[in-house]
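For reference, the structure is listed below as structure tokens.
The values are calculated or read from the model by the stated rules, or taken from the named source; none is laboratory data. Just so we're clear, the structure is a prediction, and the values are computed from it rather than from any experiment. FYI the Cβ positions are ideal-geometry reconstructions off the backbone, even for glycines, and counts take in every protein chain you see. For accessibility, only protein heavy atoms count, side chains too; no ligands or nucleic acids. Shrake-Rupley method; radii C 1.70, N 1.55, O 1.52, S 1.80 Å.
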Amino acid sequence: WRCCRQAFEELSGIHRHVALHHAADIGQQAPLAEAGQQAGLAVKQGAAEGSPASGPAPADRADGLRGHAPSSAEICCMLPDTSHVSYDDLTSKVGEVLLYYCYCEVKDPEKLCAWQKALCQHLHLTGKVRVASEGINGTVGGSKAATRLYIEVMLSQPLFKDILCEEDFKSSTGGAHCFPELRVGVFKEIVPMGIDPKTVSYKETGIHLSPQEFHREVERYLSQASQGQNDTILLDCRNFYESKIGHFQGCLAPDIRKFSYFPSYVDENLELFKDKRVLMYCTGGIRCERGSAYLRSKAVCREVYQLKGGIHKYLEEFPDGFYRGKLFVFDDRYAICSNEDIISACRYCGTLWDQYKLCSSQHCRQLVLTCPSCRNKGLTACCPVCQEKELKVNSRASGQTLKEECECTRRRPRVPIEHISQRTLDAGK
């Protein structure tokens, strides 16, 4: 059977596909009593509309995202042909994780969201995709055949033409198993900074530096810092638990828990940035886009630069450069490595350790660094408060899952005030 440019060799396979993707169409066409007959009709219709043509959907069809709300049939026509790829290759556990974003004007985010969800399901991809009027931000995992097709389709989509290019996709070893599910949704921002995109736009971003240019700038910064000069700040735009296991040498890493705290951090530390050259970096570059725009809007810095492609792209070219430790990622891997450095320690015994686990207490979702030896001793929570609550919850066997602040969060200022003139120099040395 053929439907939506996909071939099915088993009856159960086509039944599942129709149930997932065409149930609404069938329900509109006929009473439930005739659903079986109409399902077959839907399959034939889909095969006729979506037949042949290997590769991405033609531009004129994909352009449906710009116009009226696409129907299920139209979305099917915008999906790539997978008939030349075996089911095993498409669903192989040996694959990769893609990280990308694209800032552009999206007139109807709901349409783009519907297409993205169908596309990821079609290619058996899992992960997270955020869609907004300002663009798209995605982290998806799947087989290499699936991710290759995904990139081809994205590059052929007129909405992203001349904006998104192949090098904008950062890849790392992984697959669909790195995410528990697929989540695609419409949001106000494609990266949650908490500032209206109309107030601070990605169009006002800092100056982009290639990994080579950024490497040279960091080298110069460290050299100046060792000589007692401090006209530059190397700023990590990530959260504290990310920078804890890996960061650039001599950086300023704000002790913040969420990127939405970053604007407040800038506001509370404006004097720190006054007349400074700021070199910013983050995981893949997206947080720097809005972060640098916000910093520039304060009109206190001399210059604001950002690492294009983020740490991901830098490590591809400089695996043993100025970035030390692991790179934190927002999936079930938690971290990926490019060198053998371990710069963080076990929460309990202090031995070098950088493998995160979720706090074992049911009421908490924070990450904890606890080595195998300490875990074997039952030290698996992020702090003594959580450890005690875990024991109480287990004794009650309630199974109730809560989410609240614990000792770790309460003791950390939401937005720290920096006093780092000498600290930065020492870090640089």
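Side notes on the structure shown:
- Annotation for the stretch 135-189 versus the stretch 227-259: alpha-carbon center distance of 28 Å.
- Highest average packing first - 234-242, 90-98, Cβ atoms within 10 Å: 234-242, 90-98
- Between GLU407 and GLU167, the contour length at 0.36 nm per residue exceeds the alpha carbon distance by 82.2 nm.
- For LYS170, the aspartates and glutamates whose Cα comes closer than 15 Å to its Cα, not counting residues fewer than 8 places off in the same chain, are GLU96, GLU152, GLU316, GLU317, ASP331.
- Full-stretch length increase - GLN227, GLU181 - with 0.36 nm per residue and alpha-carbon distance subtracted: 11.5 nm
- Per residue, the stretch 207-337 exposes an accessible area of 36 Å² to a 1.4 Å probe, with every protein chain left in place.
- Unit charges on C-beta of K, R, D, E only; dipole of the stretch 209-360, Debye: 340 debye
- Only Cα pairs under 8 Å and 6+ residues apart enter the sum, and on that basis the relative contact order of the stretch 78-186 stands at 41 percent.
- Label zone at ARG257, where the point sits 7 Å out along the Cα-to-Cβ direction: the stretch 230-249 residues whose backbone N lies under 12 Å: 240-241
- Fraction of beta bridges assigned by DSSP in the stretch 238-354 that are antiparallel (%, nearest 5): 60 percent
- Cross-link partners for LYS389 among the aspartates and glutamates, with Cα-Cα distance under 13 Å and sequence neighbours closer than 8 places in the same chain left out: GLU404, GLU405, GLU407.
- Which of ASP320, ASP267 is most accessible, then next, and so on - probe 1.4 Å: ASP320, ASP267
- Length gained on full extension, GLN212 to PHE240: 7.5 nm, using 0.36 nm per residue less the C-alpha separation.
- Whole-Å semi-axes of the stretch 78-186's equivalent ellipsoid (Cα gyration tensor): 21, 14, 13
- Under 13 Å of direct C-alpha separation, and excluding same-chain neighbours fewer than eight residues apart, LYS203 reaches these aspartates and glutamates: GLU105, GLU134, GLU289.
- Evaluated at q = 0.10, 0.21 Å⁻¹, the base-10 log of the normalised Debye intensity for the stretch 207-337, with identical point scatterers placed on the Cα atoms, takes the values -0.28, -1.34.
- Rounded accessible area per residue of the stretch 78-186, 1.4 Å, Å²: 40 Å²
- Solvent accessible area, Å² - ILE336, 1.4 Å probe, full protein context: 40 Å²
- Percent accessible area from carbon and sulfur atoms, the stretch 78-186, protein chains only, probe 1.4 Å: 48 percent
- Legend: distances between Cα atoms for LYS313/LYS377; LYS198/LYS313; LYS117/LYS244; pairs beyond 32 Å are LYS313/LYS377; LYS117/LYS244.
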